[in-house]
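Below is one structure; the comments refer to it alone.
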Amino acid sequence: MRETSTAEIVQRALRHKTVVPGFNIPYLPMVAPVVRALRDANSFGLIMVARLEWEKFESRSLEAVAAEYRAQADRRHTRLHLDHVPVIDEDNLAVDFAGIIERALRAGYESVMVDGSRLPLAENIACTARVVALAHAAGVPVEAELGAVLGHEAGPLPPYEELFASGKGFTDPEEARRFVAATGVDWLSVAIGNIHGAISAAAKGQKKIAARLNIAHLARINRAAGVPLVLHGGTGIAKDCILAAIGHGIAKINVATAIRQPYEQALARGVAAAQEAVYAAMRAILRDELEIENSAAILKPEEGT
Ligand code: 13P
């Protein structure tokens, strides 16, 4: 029996109005409790790493995360995803994004993200199309981002309520339509009020702002884009907003801060205690925040179509 691909699993999530969560790995020992929680909850999720997590945290490299994934993986409950590879990073530096994507394809990543959202539209389209050509040649789906999901940059955010009320940086539905058609991208990360948890040394331990989502705006993007949509900044969003978003095209949600901070806070008691803290946080997220215990039964990652 053929294994179900990540692309099919995300399409199934969209059809069944459920969600595939991706969990970020800033510290390699987090992989084991994330996989164990997904298995124990009979849920399904992606193990993922973003460039900033091997540059600024301790996941070492995308190859190191892939090796740890292979040591821990349970294919009925997990796949491996490469999160944010920016074209221009959070410090405004240019990144060899195509080189990183090529390394990820060699290391066995099963889906990849290129983030050209800090570029003008035409350049974001050109860089994303380049990654789509590389990844599709290897049979790997691509996620891209359109709009500004802020929070990873150093320095203070504009006041959240101002940001939300103005809709500044929100993904434009017509641009989303053009972007998907021009790039052939598989999944689109959107900005609809969501923000990333802070990662600077000064702010990474702080409680994240409780974000809200503009669901009417999401519905317009969903009608225009015609591909599964991705919600970044999954930590701390009001639960009613998350559940409504899952009904309007969000088929993948990224969660980092909600499992990283428990790990960091418990680490003084040792790595085993930190892993237990991640496991407990994971079980609560799957059961109470996302309500996706048993989602493996719906997504059927073990059987091809
Ligand atoms: P949070 O840190 O807010 O959960 O965001 C995670 C994310 O979007 C990673 O791509």
* May I ask for the equivalent-ellipsoid semi-axes of the chain, computed as the square root of five times each C-alpha gyration tensor eigenvalue and listed largest first in whole Å? => 25, 22, 20
* To do: Using a/c under 1.5 as the rounded threshold, could you call the stretch 1-47 rounded, prolate or oblate? The axes a ≥ b ≥ c are square roots of the C-alpha gyration tensor eigenvalues, and prolate needs a/b larger than b/c, oblate otherwise.
  => prolate
* For the stretch 45-110 and the stretch 226-264, what is the separation of their C-alpha centers, rounded to whole Å? -> 19 Å
* Structure fact -> At the level of C-alpha centres, the distance separating the stretch 115-147 and the stretch 195-225, in angstrom, is 21 Å
* √(5λ) per eigenvalue of the Cα gyration tensor, the stretch 131-192, largest first, Å -> 28, 14, 7
* Using the Karplus curve 6.51 cos²θ - 1.76 cosθ + 1.60 with θ = phi - 60°, work out ³J(HN,Hα) for each residue of the stretch 264-271 in order, rounded to whole Hz, and write x for Gly and Pro. => 5, 5, 8, 4, 4, 8, x, 5
* Structure fact -> Expressed as a percent, the portion of alpha-carbon pairs in the stretch 232-305 spaced more than 15 Å apart is 62 percent
* So how much slack lies between residue 267 and residue 32, counting 0.36 nm per residue of separation and subtracting their Cα-Cα distance, in nm? -> 83.1 nm
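FYI, it's all coordinate maths here, none of it is from the lab. It should be emphasised that the depicted structure is a prediction, and the values quoted were computed from it without experimental measurement.
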